[in-house]
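What follows draws every value from the coordinates through simple rules; no lab data is involved. Just so you know, these numbers come straight off a predicted model, no measurement behind them. Glycine also receives a Cβ, built like all others from the backbone with ideal geometry; neighbour counts cover every protein chain displayed.
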DNA sequence: GTCTATAGTATGATAGAC
DNA sequence: GTCTATCATACTATAGAC
């Protein structure tokens with residue numbers, strides 16, 4: 001049960017540097033130096049550089065997925081047939097709550113954005129592992145809410161929405177974002193993405 | 001006027017490898033080996049590894065910007081006050097024409113997507129150099145078409161649209177896309193993004 | 001324009017003392 | 001758990017013969 005504080009410091013520092021400079025431009029030495037830890041600490045605590053990346057993204061995406069599922073469970077308990085706008089709103093709400101909760105650890109958000117936008121096989125695999133199931137569940141719920149839209153159109157539109165969200169993570173500001181600002185951003189996103197999600201197919 | 005075919009081969013190969021594996025995971029040696037050129041050829045023809053990246057993206061983004069300006073000029077000559085849907089359509093049309101024209105050189109498209117989604121200062125600088133002016137011109141035209149929307153809301157929405165386009169480049173398929181498929185995709189994008197662009201502010 | 005050879009540096013990872 | 005020292009390998013870039 002011994003949680004070494006060095007491990008946490010390494011994780012925070014790695015997220016910071018990976019987010020700012022990218023995974024490849026960040027060396028193990030950069031991390032250990034900035035975290036004021038030993039050169040060998042990364043391999044002792046995590047085993048490899050890539051394992052640090054996975055640990056740092058899991059720390060954000062794990063709770064995010066949990067929150068998304070919980071919000072969907074709650075909505076389905078309240079409403080028999082939620083609208084696409086309701087589904088979109090809770091989908092985005094989970095993101096904004098997560099981003100908001102990070103506060104001064106916004107680098108973790110930008111790091112997740114990097115991983116999810118990188119089309120390299122290794123990163124795509126990580127993204128699919130972490131997001132695939134949750135995404136499929138929302139696609140199904142949206143299909144029920146939008147019976148007039150072909151299933152592939154719904155999947156395609158959800159992909160575009162995710163692209164916007166990934167961009168949001170990627171450019172999440174360094175300074176703290178207040179709850180009010182986060183709420184405004186949520187309304188902005190719903191106002192922009194909602195009409196397109198439920199629009200008639202071309 | 002001597003255009004060495006080695007130079008072109010290096011450019012194509014570099015685009016291919018940068019797109020598939022990323023700039024940092026691609027070495028100068030990887031490029032020269034795959035292009036069946038000499039180790040020193042990159043530095044002889046371009047000067048540095050980063051100069052190759054810039055040359056490879058310029059080759060796509062240069063014509064794309066020209067086409068965007070031309071389509072906007074044509075539209076403004078035809079219509080005194082084009083609608084936001086008309087503006088959106090030509091904005092996207094320039095992208096799809098460019099992507100379509102690449103044909104079997106789709107790697108160049110994925111490479112541009114990588115550069116434009118990378119938030120590192122060097123890449124952001126490249127993106128701003130190449131896209132800033134064109135983007136501003138469209139934002140102005142949209143502001144005239146949507147007088148009820150605050151200017152900052154228009155800029156924000158255009159940023160989200162660009163995020164979707166960048167994602168489109170990033171995941172542009174390896175196989176050839178037919179003109180018909182490109183036209184379908186254009187309609188799909190306009191149907192999805194158009195309503196959100198002109199929606200009332202939150 | 002093309003080649004070989006190499007300088008000069010940085011990398012991820014590990015061994016082994018404490 | 002932390003440290004130093006180091007292995008083995010890779011990198012960008014350049015010098016200089018052809």
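At a glance:
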{"read-out": "Test: residue in the range A:68-90 that is out of contact with any helix residue (DSSP H, G or I) (no Cβ under 6 Å at 6 or more places or on another chain), within 16 Å of DNA strand D (Cβ to nearest atom) and away from every other protein chain (no Cβ under 14 Å)", "value": "no"}
{"read-out": "Test for residue A:62: is it under 26 Å from residue B:118 (Cβ atoms), within 14 Å of chain B (Cβ to nearest Cβ) and more than 8 Å from DNA strand C (Cβ to nearest atom)", "value": "no"}
{"read-out": "Residues satisfying the stated conditions in the range A:26-58, i.e. more than 16 Å from DNA strand C (Cβ to nearest atom) and buried (at least 19 other Cβ atoms within 10 Å of the Cβ)", "value": "A:57"}
{"read-out": "Failed item, numbered, when residue A:82 is tested on (1) in contact (Cβ under 8 Å) with a residue 40 or more places away in the chain; (2) crowded, with 18+ Cβ neighbours inside 10 Å; (3) part of a helix (DSSP H, G or I)", "value": "(3)"}
{"read-out": "Subset tally (residues that are touching a helix residue (DSSP H, G or I) at 6+ places or on another chain (Cβ under 6 Å), over 10 Å from residue B:10 (Cβ atoms) and more than 9 Å from DNA strand D (Cβ to nearest atom)) for the range B:30-48", "value": "0"}
{"read-out": "Single residue of the range A:2-29 satisfying the filter (part of a loop (DSSP other than H, G, I, E, B) and within 9 Å of DNA strand D (Cβ to nearest atom)) that is farthest from residue A:115 (Cα to Cα)", "value": "A:2"}
{"read-out": "Residues (closer than 16 Å to residue A:189 by Cβ, outside any helix (DSSP H, G or I) and away from chain B (no Cβ under 11 Å)) located in the range A:122-177", "value": "A:173, A:177"}
{"read-out": "Among the residues listed as A:188, A:110, the single one being within 26 Å of residue B:115 (Cβ to Cβ) and within 9 Å of chain B (Cβ to nearest Cβ)", "value": "A:110"}
